[in-house]
Amino acid sequence: MSDAALVALVLAGDLGAYTPLVSRHYPSCARYARRVLGNSHDAEDVLQETFLLAYRALGRYREQDRFRAWLFRILVNQCRSHGRRRARQARRLLHDHEARDAAEPRSPDESGLDDALQAALGSLDPLLREALLLKYGEGLAYEEMARMTGASISALKMRVKRARDSIRVRLEESTHE
Amino acid sequence: MSDGRETTDDVFAESFRREYRRTPLPDPGAQARIVAAVRGAAPPSRGGFRLAAWLEPRTITLRPVVVVAAAVALIAAGALLARIDSRWRLAAPPPPTMASQPLHAVQFLLVAPHASRVALVGDFNGWDAAATPMRRGAERDTWMVTVPLASGWHAYAFVLDGGRWIQDPRAPLAPPDEFGGPRSVVVVGEHGAGV
């Protein structure tokens, strides 16, 4: 059954029809969130927010849209909002020396996501990382990425190119080690 | 030459995608927790957040002193945002999905004479450019929308013609974040004005 048909069922009152939508799109959303946030706990928070937000907003989904692209638009922005909240928390900590001293160093990921790809992604500016993951990770079209991020297609192409050039050597070296 | 470059890029893309696909998923129970959370949520309606209901013309009871105070605040701050406190009584109850928290009707205005359509995006609507379209005012160069917002700090931006994001030229900028991009900020309710 297509995504659009499942959405129609949910809106018609068959609320259980949302579960297969979650199952169908959870893996790709989870991969993206985990790679862009670099932490499984943050990723889980964002994923829950994203699927809940999408559920509540389902009435605004239009069949001419691709559900996956619509969902990713929410996910991308939830990841950005999460990044902003985290940055604000970090700033507050920096103003509080005692808190800073007491703070545990943030683990990159308690579930062992410390591979070469994550190391390379972690070296990128967040905007470049986001563009690279959407393009090469999720295989989205630049037009879809532009609608999600608000950036122009040319800017996105530039971000992807810069990201690719930046981590290409690093990844190639790691694969030959 | 260009073929060689494309081949190199293809190899990179393939390699990247292969590694990306191997990304371990979070805790296996996470998906079940999401489903459980969804089951506990209010069912969606065809109106989504029903923000459209807030765009309909309606009667508002307003104390004159509030009008004056709001006008002075607007001029002094040069802001585009009119905050209306809880003394404003709306003719209809707030949307069910937002009924559990006190909401404040906040009007957003933008002067964009050359835009053919304008939308409001923010952390309150999932940054969804389709969620909150703005309507053209009587003065044709002004776009406006009123939305219900909970008390607190909200980041937002405007989307012109479906693609170009701009910050509010007459509101404070949101603090810079790791993603950059045009973002303005509004503080609603008892938190008062400011960033």
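The values are calculated or read from the model by the stated rules, or taken from the named source; none is laboratory data. Because the structure is a prediction, the values reported are computed rather than measured. Cβ atoms come from the backbone with ideal geometry, glycine included; neighbour counts cover every protein chain shown.
Taking the range B:107-125 as the region of interest, how many residues are crowded, with 23+ Cβ neighbours inside 10 Å and in a loop (DSSP other than H, G, I, E, B)?
Number satisfying all stated conditions: 2.
Quick check, is residue A:122 within 16 Å of the chain's Cα centre (by Cα), away from chain B (no Cβ under 11 Å) and modelled with pLDDT under 90?
Spelling it out, residue A:122 is indeed within 16 Å of the chain's Cα centre (by Cα), away from chain B (no Cβ under 11 Å) and modelled with pLDDT under 90.
For (1) within 10 Å of chain B (Cβ to nearest Cβ); (2) more than 17 Å from the chain's Cα centre (by Cα), each residue gets a yes or a no:
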| position | (1), (2) |
| --- | --- |
| A:133 | yes, no |
| A:142 | no, no |
| A:146 | yes, no |
| A:154 | no, yes |
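Being in a helix (DSSP H, G or I), within 12 Å of chain B (Cβ to nearest Cβ) and either out of contact with any strand residue (DSSP E or B) (no Cβ under 6 Å at 6 or more places or on another chain) or modelled with pLDDT of 90 or more (or both): is that true of residue A:114 here?
no
So which residues in the range B:144-176 are on the phi < 0 side of the Ramachandran plot and among the charged types (D, E, K, R), if there are any at all?
B:164, B:168, B:170
To keep it simple, each residue is scored yes or no on (1) in contact with an Asp or Glu (Cβ under 9 Å, 6 or more places away or on another chain); (2) touching a residue at least 24 places away in the same chain (Cβ under 8 Å); (3) of a type in the set (Val, Ile, Thr); (4) under 15 Å from residue B:130 (Cα atoms).
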| position | (1), (2), (3), (4) |
| --- | --- |
| A:34 | yes, yes, no, no |
| A:38 | yes, yes, no, no |
| A:50 | no, yes, yes, no |
| A:59 | no, yes, no, yes |
| A:81 | yes, no, no, no |
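Under 9 Å between Cβ atoms, which residue pairs at least 6 apart in sequence (or on different chains) link something in the range B:146-174 that is closer than 12 Å to residue B:108 by Cβ and assigned to a strand (DSSP E or B) with a partner that is at pLDDT 80 or above and acidic (Asp, Glu)?
From the range B:146-174, the pairs are B:154/B:123; B:156/B:123; B:156/B:168; B:157/B:168; B:158/B:168.
Pick from the range A:158-171 the residues that are buried (at least 16 other Cβ atoms within 10 Å of the Cβ) and modelled with pLDDT of 90 or more: which of them is farthest from residue B:11 (Cα to Cα)?
Per the stated criteria, the residue is A:159.
Does residue A:62 satisfy the criteria of being outside any helix (DSSP H, G or I) and more than 7 Å from chain B (Cβ to nearest Cβ)?
yes
Go through (1) under 18 Å from residue B:164 (Cα atoms); (2) not in a loop (DSSP other than H, G, I, E, B) for residue A:129 and report which single condition fails.
Evaluating residue A:129 over (1) under 18 Å from residue B:164 (Cα atoms); (2) not in a loop (DSSP other than H, G, I, E, B) leaves (1) as the failure.
Taking residue A:69 as the residue in question, decide whether it is of a type in the set (A, V, I, L, M, F, W, C), modelled with pLDDT under 85 and surrounded by 14 or more Cβ atoms within 10 Å (Cβ to Cβ).
The answer is no for residue A:69.
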